[in-house]
1. When the Debye formula is applied to the Cα atoms of region A:299-421, each taken as the same point scatterer, what base-10 log of I(q)/I(0) results at q = 0.09 Å⁻¹?
2. Would you work out if region A:525-621 is rounded, prolate or oblate? Take a ≥ b ≥ c from the square roots of the eigenvalues of the alpha-carbon gyration tensor; rounded if a/c is under 1.5, else prolate when a/b is larger than b/c, oblate otherwise.
3. At a threshold of 8 angstrom on Cα-Cα distance, excluding pairs fewer than six apart, so keeping six or more, what relative contact order does chain B reach in percent?
4. With a ≥ b ≥ c taken as the square roots of the eigenvalues of the C-alpha gyration tensor of the protein assembly as shown, please select rounded if a/c is under 1.5 and otherwise prolate if a/b is larger than b/c or oblate if it is not?
5. Under 8 Å for C-alpha pairs, at least 6 residues apart: give me the relative contact order for chain A, rounded to a whole percent.
6. Please name whichever of A:Ser376, A:Pro387, A:His361 sits farthest to the positive end of the charge dipole of region A:346-394, dipole taken about the Cα centre and charges placed at Cβ: Lys and Arg +1, Asp and Glu -1.
7. Stokes-Einstein D for region A:157-233 at 4 °C, 1.567 mPa s, Kirkwood Rh over Cα pairs, in µm²/s?
8. List the residues whose amide H sits under 5 Å from the amide H of A:Tyr674, counting only those 5 or more places along or on another chain, with H placed 1.01 Å from N in the peptide plane.
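Every number in this text was worked out from the coordinates using simple rules, so none of it is lab data. All values reported here derive from a predicted model rather than from experimental measurement. All Cβ positions, glycine included, derive from the backbone under ideal geometry; neighbour counts span all protein chains shown.
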Amino acid sequence: MTNQISLTVNGIQHTLEARANETLSDLLRYRLRLTGTKIGCDEAECGACTVLVDGEPVVSCIYPAERAEGKTVVTIEGLGNEFTAKHAKNAKELEKKEERRKNLSDTSIKLSASLRALSGLNALHPLQEAFVEHGAVQCGFCIPGQIMTAYALLERNPNPTRDEVRFALKDTLCRCAGYPTIENAILAAAESLRTGEPVRKPNIPDSIHVHQSVGHTHRRPDGIEKVNGQAIYTDDLVFDNMLFAKVKRAMIPHGFLKRLDVSKAKELKGVVAILTAEDIPAERNHGLIVYDWPVMVGVGERVRYVGDAIALVAAETLEIANQASALIEAEFDLQPVITNPVMAREDGVPQIHEKGNLLKHIKVRKGDMEKGFAESDVILEHTFHTPTYDHAFIEPECSIGVPLPDGRMEIYCGSQIPYQDRTQVARVMGWDESRVRVVGQLMGGGFGGKEDVMGQIHVAMLADVTKRPVKLLFDRHESLLVHPKRHATQIRIKIGAKKDGRIMASESELYGDTGAYASLGEKVMTRATTHSAGPYDVPNVRADCYAMYTNNPPAGAFRGFGVTQSAFAVESMMDMLAEKLNIEPVELRRINALHVGSITNTGQELRESVGLMECIDKVSSAMCQVSGLSEKDLFKPRVVSDVDEVDLTAKHAKRKEERRKNLSGLRGLSGSNYLVRAWGFAAAYKNTGLGGGAPDISNAEVELYDNGMFEVRSSSAEMGQGLVTVMRLTVAEEMSVPPEQVNVLVMDTDLTPNGGPTTASRQTFVTGNASRYAAKTLRDAITATLAEKYDVKPEQIRFENGIVHANGHSMTYAEVAKEMKAMGQHPRALYEYEAPKTQPLGTGGDMHFAFSFGVQAAEVEVNKLTGEVRVLRVISANDVGMAVNPLGLQGQVEGGVMMGLGNAITEEFLMDNGYVVSDRLARYRIPGIMLTPEITSIIVEHPTAAGPYGAKGVGEICSIPTTPAITNAIYNAVGVRVDKLPVDQESIAREIWEREEK
Amino acid sequence: MTLWQQYIKPKTLAEAMDAFATAPRPLLPIAGGTDLLLDLEQGRHSPVQTLVDVTAVAEMTLIEIRDDQLFIGAAVSVNRVALDPLTVRHAEALTEACDLIAGPQVRNVATLGGNVAHALPAADGTIALLALDSYAEIVGIDDPMAILGNGDSAKLHRFHRLLPLKDLFLGPGKSSIKHGEELIVGFQISLSKPHQASCFKRIMRPQGVALPILNCSVWLERENGLIKDIRIAVGPGGGTPFRATQAEDVLRGRSLTKSTFESALDALLAQAQFRTSARRAGADYRRHIVSGLFRDVIESAWMRAEGKTTETRRH
């Protein structure tokens, strides 16, 4: 039983005792503490855990550790060394060669990558360097897997084609979906490896409103640690004496907990604590707006979804915790299950919450509907359905509670709202908030899915009782079952228009499935409702939305925040209307587009920063340019003959050759050209910021240290989207220093001031501004101090290139810091930024302080026989006000398109009568690199006055129009209107064959 | 849960059989484990005492020519199957099937034996092997008493049996391999002769489990513009991997034309039993799309058999 495992990991020989049940990833992560290898799914689906075993990439999560006996393993941590070691030998040879050559001639020596590696300045493999340089790194969680897979490819094939890169990375998933940049980075690294030249830089245009720092492309501050395996995410942390937690979940969708018996579990050796609802110290519920979500369901209480917690276990090992959880016995009195929001509103159905099944009836009223429809020449009505979706961030949730000797509690977690976590933990514990410190960690993606509390309260309770650190890590299964999703909706739209295309009236009725608990359901469905007439100037609007409780997993924030759903409905409707009116789809949108001076359907006058028309025009001309078609031909079906086919994803040139030859064969005989292409078009808008009258506040603090470095701090969340780069650039801009002179600290409730929730595309705007004004305040303080000291007017103090000039004196910032302190001033400034006031829905006035606009066009290819759909190209134009960091923006735009593509084509969170079918990543497919279309990003910059340098939000708008652009393209190609997501190839095929049979 | 206690890594078949005979039970052989470990972890298979890892068994990791047969070890990774010059030359359909399975980090672990042993009616490797008329080589312990074993391995009588692949399958997920008593050592395929060729293709759907909704493989021999012999496999065309023998009969001895193809398609549709799989594909959808898939595959095989020379592959 005590086998030994001897293996070499990153050049170091290890001999370890074999353990039952151990996988290679466990051995690497927990025994060797090489935490660069990540676990995203633990089911061989995502590829994050890829390491090399004897030179071949393998998934380490299902690789038994004992199989690695005698083998050589390379992980992300070893890649830099691997490269250096390998090239050290080459470099020596090279040097010798060069020496000989030098003796013969005076040819200058080219500095090779190998030599650079040796110099010690560059401990990164060119792949690692290229990933940072090209912006392929966002949240960073999948990156070790991407780089290791790419490394294996380049070892075998030093000069891969784009298709070969894609084929190699086929199943290595990235949810930030920087696939195009990943591809570019790999090709750039391959080139550098071949030529010895430094990694070539990406070609990304600056902002048209470029300043000294903001508006230029910059690397992420956390880029290097995310490519060399040093980045620490919550599960990478280990504390002395730490326990492992497991939550016992109801696993039934609706019923009353009749009996709960934890006695057998308590007897299990190694179990340290078991808690039930009786042990909740103070408030029993948590929630973001409505406190309706029980920390645990107690005996006699109602279970509302499968993920409801009924008991908590803390044990010496995870294995024991799992065993104990299985030994807990529970009996339920099962109740009829409310499976959808329409059913939830019917008479006589069970009411899930005390106040009923209706969370909120949301209303939008503008103008006179009767008049609007009476004035219309054409009226159309249609109902659309969208399913539930999961965020599928690659890093599952993890929380660690650490009790401190002074009675305080630290919570380590990845959270989009650290201060809210603190509040919610404190409420349940019955503590003053100051007793809790939330220490936010790097996050492997969020997308709205890490706004609600998951394990934070549970670990606090367990750590408090056991007086030991407690870790609760969700596996993918638990993550899929428990956290809030994107709302499933039913949306009926009735639209009336004049013959000339002017929309006269828009009526919509929405049902949103907010699941068992409110989460942000009310806000999400409000956004869905207010945006349900599209980005158009419509005189008469009426919208009613019913956000309903059901027995499905809760639904809450998810990138797009309800607008993803309503945009699908309204943009499909726009194309249906265009066809009916015989007006080109682009033209119909031009006729109705919101512009400066328009009044939105909530009664807000748009006074500035409406770049919609420019987005429409730019996408329209880009479509013509890339396709060589005229505007009127874009939306017509084009049959793809086999000879003409430019196969964007063909792996084998040979196959293409075969296809050509086959023309003389059967297909030629049957003459059925069944591949058809067309373009589709869609527009959208999305608010920046909370809006609706909520005070939108962020705090930031900037400090100058003695060494001349700055630090900017805010608890706003960095989940991969690049806020830290924005904060750094903003401060660098205001202090006139290089960005590298600014460090960023985020997400710590003790050390960073409250930045508010990271949601609603708000952080660039609010925390960008808070950082900017904090820096300005500090600069003013420096100016005042130096003006006094040198007895000059403040205007004579100048800040240039990292140097402060005062009346002939030039000082570095290190010297400035000393001066300030000598004068009794602490060089630090805190700024509370409050965004322009907004008004609640229904009161008219400004419901939001800014809107971003986006237009996308998609070219699809539909197989008429099978119904299969391929998205070939997407053109995305986004009016973001100002591009603070064009590199980060590129990542957001491409990732947004891919998430939109997943929404349209691959994803559907399946449930069966309240039970979750999509309970593994294998049953919830997110887009991989093979599905990545050619993405063209067009940045439109209509600055908004209050935004930092004119910037407004981008995180969501770039994802919203993708789905309707794709489904409209499908209609244009084969005449099948997709009104239910995701696109179902079988339905498309069926509709075509039934039509042809007629 | 402790999913396994003991992990044994035999280096030879004899050692593997010893482990089968003597190691604590319940016992399972493990090759790649890409499915098996998930079955254990996710509770579809109850925990075991012993896993016998066969990936280091020399006989099972070979690809070699034995007389007029190509032997592919059951523990060869599907990536190696896809890339090996011998398989590329003699079993093109199989390389195409293996090339499509998952990504490289899974293909490097998953094995051909595992793909077949799960007895799924539409496993890509299985369907290709079926069209290639492969035989499974099986080794086992004939005396069940030996399993309880007193550790005296010399007493064990071992035998190999050679089973036509189609006889390996009893029903969906059920094979005739005796669990814990037998092992698939490898597969035999007749060496490819001039004017013989094969092809494999599949149709997926982008949502849900990454299994094909339909796959098809054809092997054929072409002689004087006629189909001298042909084998057609379609998955899932029934409870077990399906050979469209009636369509084969239609085509044998005839040329490939639009009309012979359509007769063959009719025969295939008459013989196959397409099922509806919830959330994946309706039976009528499968019946509808099989025509295009079958046509593409047979056409490629037909063209390849005509000009079969050395083709350069991507790798």
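1. -0.57
2. Since a/c reaches 1.5 and a/b is larger than b/c, the shape of region A:525-621 is classed as prolate.
3. Details: 692 pairs, mean separation 49.7, N = 315.
It comes to 16 percent, rounded to a whole number.
4. Details: a/c = 1.42, a/b = 1.27, b/c = 1.12.
Cα axes put the protein assembly as shown in the rounded bin.
5. On the way: 2562 pairs, mean separation 132.6, N = 998.
It comes to 13 percent, rounded to a whole number.
6. A:His361
7. On the way: Rh = 14.8 Å.
For the chosen part, D equals 87 µm²/s.
8. Those qualifying (amide H under 5 Å, at least 5 residues apart or on another chain) number zero.
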